[in-house]
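Report on the following structure.
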Amino acid sequence: MEARTWLITGVSSGFGREMTERLLRRGDRVAGTVRRMEAMDDLKAEYGDRLWLARLDLTDGRAIGQVVDRAFADLGRIDVVVNNAGYGLFGAAEELTDEQIVHQIDTNLLGSIRVVRAALPHLRRQGGGRLIQLSTYGGQAANAGASLYHASKWGIEGFMESTAKDAAPFGIGVTIVEPGSVRTRFRDGGARLATPMSAYDDSPAALTRGIRNPALPSVGDLAKTAAAIVGCADLDPAPVRVALGSDSYTHIRTALTDRLAELEAGRDLAFSTDSADAGAGAVAARR
């Protein structure tokens with residue numbers, strides 16, 4: 001396989017670190033973004049110029065464009081761009097502060113959007129490439145106590161699905177990856193909790209307060225999941241969505257099945273609001 005060049009956000013831990021190590025071992029180049037450069041000292045010492053690093057906070061919109069432009073300028077061509085960086089904010093909606101809400105959306109949603117917008121002109125000019133967006137099964141299925149996390153993931157999935165249609169004529173494939181539970185730093189370092197309100201102590205939202213518990217089971221294997229994410233770049237045509245983990249598959253299937261059943265239950269109401277000008281076509285579709 002011909003060596004590729006990748007741009008991955010958030011490479012210091014979790015999926016980002018695992019993917020970076022895997023790609024460097026097989027001979028690819030990686031442009032990685034981190035918040036702490038020293039977290040990558042070991043890999044930089046081992047792989048030298050094949051690991052390009054830049055400090056980046058996804059809440060800094062101006063810096064995102066500068067870093068992406070510099071990566072393409074320094075490396076010449078980037079074949080795959082992976083939006084990996086992000087975190088989870090948990091708590092009932094009214095338990096969250098305005099600052100927490102803004103930071104979650106700035107990081108998970110706006111940050112990812114800005115990376116894509118910065119990369120697209122380069123990918124078009126070079127004649128194609130791949131965009132891979134890390135999401136979660138929570139991008140299609142919702143749990144109590146995670147309203148803002150879901151808002152960021154449902155939002156980025158809608159953005160990426162639409163962008164897939166925009167980018168396809170330029171040879172740019174787009175894939176949204178939806179992992180289930182995997183033992184990473186998401187729980188012990190990447191999960192942030194709202195200050196609890198006693199009103200929610202006995203509600204379903206309170207269950208998320210224990211998300212940092214190391215004893216919680218994780219279905220997915222980190223190495224296998226990272227390998228599958230990397231493998232998405234080889235799928236042709238690029239699938240819009242890939243679920244990883246039996247728990248992800250189950251949660252998404254249940255959510256979609258329930259959503260379709262609810263849609264069908266409201267079919268007559270939906271058609272009843274058509275104008276008289278809709279004509280026989282609407283009547284035929286209802287049958």
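The values are calculated or read from the model by the stated rules, or taken from the named source; none is laboratory data. The structure displayed is predicted, hence computed values, not measured ones. A quick note on method: Cβ atoms are made from the backbone with ideal geometry, for glycine too, and the neighbour counts reach across all protein chains shown. In case anyone asks, the SASA skips ligands and DNA or RNA and just uses the protein heavy atoms, side chains included. Shrake-Rupley method; radii C 1.70, N 1.55, O 1.52, S 1.80 Å.
Classify region 144-278 from the C-alpha gyration tensor, please: rounded if a/c falls under 1.5, else prolate or oblate depending on whether a/b exceeds b/c. Don't skip to the answer; put the middle values down first.
Working: a/c = 2.17, a/b = 1.15, b/c = 1.88.
Here region 144-278 falls in the oblate category.
How large is the Kirkwood hydrodynamic radius of the chain, in angstrom, based on all distinct alpha carbon pairs?
Values: mean 1/r = 0.0490 Å⁻¹.
Over the chain, the inverse of the mean reciprocal pair distance is 20.4 Å.
With each label point set 7 Å from Cα along the Cα-Cβ vector, what nm distance links Asp277 and Met197?
That separation, rounded to one decimal, is 4.6 nm.
Restricting to Cα pairs below 8 Å that are 6+ residues apart, what does the relative contact order work out to for the chain? Please round to a whole percent.
Numbers: 469 pairs, mean separation 53.8, N = 287.
Across the chain, relative contact order equals 19 percent.
Sequence-distant or interchain residues sharing an amide H contact under 5 Å with Gly129, placed H: which?
Hits under the 5 Å cutoff: Ile172, Gly173.
I need the shape label for region 203-274. Rule: rounded when a/c is under 1.5, else prolate if a/b > b/c, else oblate, with a, b, c from the alpha carbon gyration tensor. The partial results should precede the final answer.
On the way: a/c = 3.75, a/b = 1.35, b/c = 2.78.
Since a/c reaches 1.5 but b/c is at least a/b, the shape of region 203-274 is classed as oblate.
About the Cα centre, and with charges only on the beta carbon of Lys, Arg (+1) and Asp, Glu (-1), how big is the dipole of the chain? Nearest 20 debye, please.
Rounded to the nearest 20 debye, it is 780 debye.
With springs only between Cα atoms under 10 Å apart, run a GNM on the chain and tell me which of Ala238, Ala119, Ala73 wobbles the most.
Top of the fluctuation ranking is Ala73.
Between Glu94, Glu21, Glu157, where does the largest GNM mean-square fluctuation fall for the chain, given springs only between Cα atoms within less than 10 Å?
Glu94
Looking at the square roots a ≥ b ≥ c of the eigenvalues of the Cα gyration tensor of region 19-78, which shape do they give, rounded for a/c under 1.5, prolate if a/b is larger than b/c, or oblate? Please list the in-between numbers first.
Details: a/c = 2.29, a/b = 1.41, b/c = 1.63.
Oblate shape, in that a/c is at least 1.5 and b/c is the bigger or equal ratio.
Give me the dipole magnitude in Debye, nearest 20, for region 66-224 about the Cα centre, with unit charges on the beta carbon: positive for Lys and Arg, negative for Asp and Glu.
Working: 16 positive and 16 negative charges, 139 e Å.
Here region 66-224 has a charge dipole of around 660 debye.
Over the chain, what percent of the accessible surface lies on carbon and sulfur atoms, probe 1.4 Å? Before the final figure, lay out the partial values.
Numbers: 7520 of 14360 Å².
C and S fraction of accessible area: 52 percent.
Of Thr257, Thr136, Ala227, which is farthest on the positive side of the dipole of the chain, counting Cα position, with +1 on Lys and Arg Cβ, -1 on Asp and Glu Cβ, and the Cα centre as origin?
Checked the options; the winner is Ala227.
Mind ranking 107-114, 122-129 by how tightly packed they are, going by the mean number of other C-beta atoms within 10 angstrom, highest first? If you can, show how the numbers build up before the last one.
Values: 107-114: 22.1, 122-129: 16.1.
Ranked from most to least packed, the peptides come out as 107-114, 122-129.
Please check: in the Gaussian network model of the chain (C-alpha springs, under 10 Å), which one of Met160, Met197, Met19 has the largest mean-square fluctuation.
Looking only at Met160, Met197, Met19, the biggest GNM fluctuation is shown by Met197.
Beta carbons within 10 angstrom, averaged per residue: use that to sort the peptides 242-248, 263-269, 52-58, highest first.
Values: 242-248: 20.4, 263-269: 9.6, 52-58: 18.4.
Top to bottom by mean Cβ count within 10 Å: 242-248, 52-58, 263-269.
Rolling a 1.4 Å sphere over the protein heavy atoms, what is the accessible area per residue of region 44-197, to the nearest Å²?
Numbers: 6430 Å² over 154 residues.
Normalised by residue count, the accessible surface of region 44-197 is 42 Å².
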